[in-house]
Amino acid sequence: MEDKQYVVDALSIEESWRIFRIMAEFVEGIEALSKLRQAVTIFGSARVRPDDPYYKKAEHVARRLVENGFSVITGGGPGIMEAANKGAAEAGGQSVGMNIRLPYEQKPNPYANIVLEYKYFFVRKVMFVKYAVAYIILPGGFGTMDELFEALTLIQTKRIKPFPVVLMGSEYWKGLVDWLRDTMLRNEKIDESDLDIIQITDDPDEAVRHIKKFVIF
């Protein structure tokens with residue numbers, strides 16, 4: 001009985017210390033990002049290689065953002081994240097990589113000049129949205145979809161101040177957007193105004209112009 005109580009007490013202590021580790025991640029993130037200039041968070045697949053057209057688009061749009069006075073935030077890994085950090089850094093801007101520790105796929109890229117590392121997904125997700133004035137989302141997988149729909153939900157429910165959500169890659173996103181319109185909207189699960197949150201483009205310069213309409217420097 002005493003051994004069982006010892007185990008329970010040890011687990012309780014471990015849970016208590018986890019709270020402090022979570023708090024530490026929040027504090028570190030806030031201290032690092034609180035003085036960031038108007039930042040755009042860019043999402044997309046970690047599996048995209050440098051010869052992929054979307055890698056080039058991510059690099060281009062990040063460069064143009066910096067040239068127009070923005071900072072860039074990414075998940076800090078390879079693929080689209082690497083491309084965006086590269087474009088921002090090479091343009092002389094603030095290039096933030098918020099890496100998450102994963103057993104595979106996610107390794108920090110070398111182009112972020114502000115680097116944060118997270119253990120907890122939910123802390124990292126708060127930082128993404130807290131310091132973003134816009135999202136640009138390129139083709140990606142489950143993680144990219146997660147960030148997209150979290151932003152749409154927070155904007156739809158007015159839990160955050162609305163900001164532009166730009167989907168780059170009309171061919172890639174067409175099936176999803178058609179489903180939102182033809183299934184969710186038709187079945188009255190969302191409103192027409194919910195679809196207005198999303199802007200779709202293939203042009204990095206158009207993406208930057210759209211974001212600038214909503215941002216005051």
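The values are calculated or read from the model by the stated rules, or taken from the named source; none is laboratory data. Keep in mind it's a predicted model, so treat the numbers as computed, not measured. All Cβ positions, glycine included, derive from the backbone under ideal geometry; neighbour counts span all protein chains shown.
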| query | Quick one: how many residues across segment 204-217 are of a type in the set (Asp, Glu) and touching a helix residue (DSSP H, G or I) at 6+ places or on another chain (Cβ under 9 Å)? | reply | 1
| Out of curiosity, is VAL96 assigned to a helix (DSSP H, G or I) and either surrounded by 19 or more Cβ atoms within 10 Å (Cβ to Cβ) or among the aliphatic types (A, V, I, L, M) (or both)? | no
| query | Any residue at all in segment 193-216 that is among the β-branched types (Val, Ile, Thr), modelled with pLDDT of 95 or more, part of a helix (DSSP H, G or I) and within 16 Å of VAL61 (Cβ to Cβ)? | reply | yes
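Condition check ((1) in contact with a strand residue (DSSP E or B) (Cβ under 6 Å, 6 or more places away or on another chain); (2) of a type outside the set (Asp, Glu); (3) under 27 Å from ILE216 (Cβ atoms)) across all residues:
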position	(1), (2), (3)
ARG18	no, yes, no
THR41	yes, yes, yes
ARG63	no, yes, yes
ASN68	no, yes, yes
THR74	yes, yes, yes
PRO78	no, yes, no
ASN85	yes, yes, yes
| Failed condition for TYR131, given (1) touching a residue at least 40 places away in the same chain (Cβ under 8 Å); (2) more than 24 Å from ILE216 (Cα to Cα); (3) among the hydroxyl-bearing types (Ser, Thr, Tyr); (4) buried (at least 19 other Cβ atoms within 10 Å of the Cβ), with all others met? | (2)
| task | Just one of (1) without any contact (Cβ under 8 Å) to a residue 60 or more places away in the chain; (2) touching a Gly at 6+ places or on another chain (Cβ under 7 Å); (3) part of a strand (DSSP E or B) trips up LEU116, so point out which. | result | (1)
| query | Can you spot a residue in segment 64-76 that is among the acidic types (Asp, Glu), assigned to a helix (DSSP H, G or I) and either free of Cβ contacts under 8 Å to residues at least 40 places away in the same chain or more than 24 Å from TRP173 (Cβ to Cβ) (or both)? | reply | yes
